[in-house]
Amino acid sequence: MEDKGLASRLTEYGDREFALYLRRSFARSMGFSDQALGKPVVGIVNTFSELNNCHRGFRELAEAVKRGVWQAGGLPLEFPTISLGEVFLYPSSMMFRNLMSMDVEVMLRAQPLDAAVLMGGCDKTIPALLMGAASAGLPAIVLAAGPMLAGSYRGERLGACTDCRLYWARYRRGEIDRSMVEQVEGQLAPTAGTCPVMGTASTTACLTEAMGMMLPGGATIPAVHADRLRHAEETGKQAVELARSALTPDRIMTEKAFDNALRVLQALGGSTNAVIHLAAIAGRLGIRLDLGRLDELGETTPVLVDLKPSGQFYMEDFHRAGGMPVVLQELRRWLHFDALTVTGAALGELLDEPYQWPAWQEVIRPADEPLQEKGGLVVLKGSLAPEGAILKRSAASPELLNATGRAVVFTSLQDLAARIDDPDLDVRPDDFLVLQHAGPVGAPGMPEAGYLPIPRKLAGVKDMVRISDARMSGTAFGTVVLHVSPEAAVGGPLGLVRDGDLIELSVEKRQLNLLVAEDELRARRAGQAPSRPPPARGYERLYCESVQQAHLGADFAFLRHESLQGD
Ligand code: FES
């Protein structure tokens, strides 16, 4: 009997026919006919959760996927996995991305599926789904939640969470009062869907489309539009095609696809978090993502999309302007158009020819008249970040990009919370705020704490250089150096910085240097307290013992592809 559909991956009893007989009898208890049980099985990985507001519409969306699967002759079977609602997780959602990826991989491997629709959206979910599907090697297609609509307050458009930060900073500076900031709170996230700016969720959805793991146009359709349901139906149909093919994720997410993704990331001015997620997904497929390549591509990739937090528009505007197909067309001279997609066709075959740039809109710029000549993200290296650090140039203050400053050091998140607003803190506007022990192991979980608040005593100062081994929300902005690798908690030089040290930041030279004599650093290293022991048990222990550094994607070493296990 063919190892397909319900006949695949049978429980081991030592009697294959009995195992199938047993499985079919239980499958029949769900009311399916013999005819239905003989169809290709499409698993619908539904990450709905009442603790994930962004996925609020997933019940309806899953029904639309099922319509498509039935229409195309498949049997849709929906199942849940861990869901990660960005703001509902302690200590941080990043701590659980790898756990979710394991859940996805294991369930895709263990159940009798011929293909899967991966439903995700909120920041860590699409990366986790792709990591799991890449390792499972099952044909799969992504269906994103879609962005929420922007809100409004007194005539001003608002979007989580760029405007959360903007209004909170204004409140901290005393420019608005408590009641106003509370009124804004009710308007920041008005519908289902993911944050409506080019944050991490939107960036990863767009990169998924660019890598060919989603149907064209799917990254930007607002969560509440009827078009998203139609797109879900099409996704279901395509999943049945995938079930009949051998088009596994490794044939789509190739080196060329990752190269395309890095290029598109630069053109979007996208989230710094995407770099970590791409490195992790690539690592599952035996591909080493090279930070140097990201930087190199940035030099020849213009920023084309004018979205918050770097620009002015929201995802719904981006969608109306044509979304990712327009961006991909504008970048066509630089992209690998022969990269395969989930449709079975190459990326270039999916895009309209002849193509005309939609001149009636201002959200997407033509490649010859870009928003910025060079890409949004730069990679820094130097004595403070031997394995690299990331800075989002498009969201930074140009006058701070090449400077030397005096370090004001916070040794942990707790220290930061205790002292940042201390009236006696010795800090000046041109100082560099440094946060240690907020990386993958140090925090643990590498929270989005890299966007350190400006000390209250510097009221009126809008931006300062901030350096850490943490991440930053894709919806945030400022001159913020992130993902310093190796992190302080594993002996990285970031942990040796002391108050008053001078640090050189040179985006021009791509350098981040601690200007302290080697002898002094040696002495500091010798006098350092031993690193904290890992937690005694459970997932936290597994995490702290297995998580890799940011430049490798902060995946677990044992989950990377066999060929990269030695990294
Ligand atoms: Fe879910 Fe922003 S909180 S995407």
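Nothing in this text is a laboratory measurement; each read-out follows from the coordinates by a stated rule. All values derive from a computational prediction rather than experimental measurement. Cβ: placed from backbone, ideal geometry, glycine included. Neighbour counts: every protein chain shown.
So for the range 157-259, averaging the separation of alpha carbon pairs under 8 Å that are six or more residues apart and normalising by length, what relative contact order in percent results? Relative contact order here is 22 percent. Converting phi to 3J(HN,Hα) with the Karplus coefficients 6.51, -1.76 and 1.60 and the offset θ = phi - 60°, the range 43-52 yields x, 10, 7, 9, 9, 5, 7, 6, 9, 9 Hz in sequence order, with x at every glycine or proline. Residue-wise HN-Hα couplings along the range 16-31, as the Karplus relation 6.51 cos²θ - 1.76 cosθ + 1.60 with θ = phi - 60° gives them from phi, are 4, 5, 5, 4, 5, 4, 5, 4, 5, 5, 6, 4, 4, 5, 8, x Hz; Gly and Pro carry x. Restricting the trypsin sites (Lys or Arg not before Pro) of the range 127-189 to loop positions (DSSP other than H, G, I, E, B) with no more than 16 neighbouring Cβ atoms within 10 Å leaves Arg154, Arg173.
Roughly what % of DSSP beta bridges within the chain run antiparallel, to the nearest 5? Restricted to the chain, the bridges split so that about 45 percent are antiparallel. Other residues lying with their Cβ under 14 Å from the Cβ of Val516 contribute a combined charge of -1, Lys and Arg counting +1, Asp and Glu -1. Based on Cα contacts under 8 Å between residues 6+ apart, the range 1-141 shows a relative contact order of 27 percent.
Which shape class applies to the range 294-345: rounded if a/c is under 1.5, otherwise prolate when a/b exceeds b/c and oblate if not, where a ≥ b ≥ c are the square roots of the Cα gyration tensor eigenvalues?
It is oblate, given that a/c is not under 1.5 and a/b is not larger than b/c.
Computed per residue of the chain from DSSP H runs no shorter than four, each worth -39500 (n - 2.57), the mean residue ellipticity at 222 nm is -9500 deg cm²/dmol.
For the range 196-308, a/c is not less than 1.5, where a ≥ b ≥ c are the root eigenvalues of the C-alpha gyration tensor, and a/b does not top b/c. That puts it in the oblate class.
Legend note: in the chain, cysteines whose Cβ sits 4.7 Å or more from every other cysteine Cβ are Cys195, Cys206, Cys544.
Entry note, the chain: relative contact order of 13 percent, from Cα contacts under 8 Å with a spacing of 6+ residues. Look at Leu512, Leu207, Leu521, Leu229 and count the other Cβ atoms within 10 Å of each Cβ; fewest to most, that gives Leu521, Leu229, Leu512, Leu207. Taking the Cα centroid of the range 320-396 and of the range 475-553, what is the distance between the two, rounded to the nearest whole Å? Here the two parts' Cα centres lie 31 Å apart.
Note that the chain, at 10 °C in a medium of 1.306 mPa s, gets a Stokes-Einstein diffusion coefficient of 65 µm²/s from its Kirkwood radius over C-alpha pairs. In plain terms, the residue of Thr204, Thr301 with the fewest other Cβ atoms within 10 Å comes first and the most crowded comes last, giving Thr301, Thr204.
Residues whose amide H comes within less than 5 Å of that of Glu78, counting only those at least five positions distant or on another chain, are Ile44 (H built at 1.01 Å from N in the peptide plane). Taking the fewest neighbouring Cβ atoms within 10 Å as the starting point, the ordered list for Tyr153, Tyr13, Tyr355, Tyr314 is Tyr13, Tyr355, Tyr153, Tyr314.
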